[in-house]
Structures are given as structure tokens and as C-alpha cells.
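Report on one structure; see the data block that follows.
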Amino acid sequence: QVQLVESGGGLVQPGGSLTLICAASGSLSSVVVMGWYRQAPGNERHLVARITRFGDYDYADSVRGRFTISTNSAKNTVYLQMNSLEPDDTAVYYCNVQTPGVAYWGKGTLVTVSS
């Protein structure tokens, strides 16, 4: 079992920045991918960014160059640095951790980009 707790969401003006944090605990030795997804009202959940245990990155086209995903050295915390935020970035952001055969989700943190 893996438990995930997100933090760092909030209200920010267009052009601003936020850093999301996901603290993972439990059986982390089998984790292969850590990442962030988002779901805007009325839309499906989509990948924002992910990082593999080998350090490979993958970003959605809409955030590439503005968002940066990273982990700490212990690989039990995953960060999402979000710069140049736009109103279209408004969504609930979910932390995701994948092990062979099982995906774990956090409860989500709301990011609202508005003036």
C-alpha cells in the first residue's frame, strides 16, 4: 500500500507560480513512476507530468517549458513547480504513483488561476 498526500494548491494570478508537493509513504520500493494529473471541471483527468524511477521525464504539451517535475533523493516526495500559470491550468491536481499492476492516487489539491 502507498499513501499520498498533496499540498501547495491555491489561488494565483495569471503569470504566477505555485509548487505542488506530494508526500508518499508506505511500500515505496516497488514504485516505478511518480506523477501529476489534473482534472478541470467537466473534463477527464489528464497527465500533466511524470518521472520514472530511472529519471526519465514526460510532460503534457500544454505545460512543457512552464512546469517542472522533480523528486527528492529519497524518492518519497514529488514536486511540481508551475510557472507562468494560465487560467486554463485551473484544475484539481492529483498525485499518482504506479507500481507493477497498481496505481495509487491522492485526494487532489485545487489550483485556481484567476485575476
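The values are calculated or read from the model by the stated rules, or taken from the named source; none is laboratory data. As the structure is a computational prediction, the values presented were derived from the model and not from experiment. Please note: Cβ atoms are built from the backbone with ideal geometry, for glycine as well, and neighbour counts cover all protein chains shown. Note: accessible area is taken over every heavy atom of the protein model, side chains too, but ligands, DNA and RNA are not part of it. Shrake-Rupley method; radii C 1.70, N 1.55, O 1.52, S 1.80 Å.
When the alpha carbon coordinates of the chain are projected onto the principal axes, the ranges are 42, 25, 21 Å, largest first. Solvent-accessible surface of the chain, taken per residue with a 1.4 Å probe and all protein chains present: 53 Å².
Using 0.36 nm per residue and subtracting the Cα-Cα separation, the extra length available between Ser62 and Thr112 on full extension is 16.4 nm. Surface composition of the chain: carbon and sulfur atoms hold 49% of the protein heavy-atom accessible area at a 1.4 Å probe. Rounded to whole numbers, the Karplus 3J(HN,Hα) couplings from phi for region 28-43 are 9, 5, 9, 5, 10, 9, 10, x, 10, 10, 9, 9, 8, x, x, 10 Hz, using 6.51 cos²θ - 1.76 cosθ + 1.60 with θ = phi - 60°, and x at Gly and Pro.
Under 5 Å from the amide H of Thr77 lie the amide H atoms of Ala24, Asn72, each residue being 5 or more positions distant or on a separate chain, with H modelled from the backbone and absent for Pro and chain starts.
Solvent-accessible surface of protein heavy atoms, probed at 1.4 angstrom with all chains present, puts Arg45, Arg38, Arg64 in the order Arg64, Arg45, Arg38, largest first. Each label point was placed 7 Å from the Cα along the Cα-to-Cβ direction; for Arg45 and Leu28 their separation is 2.1 nm.
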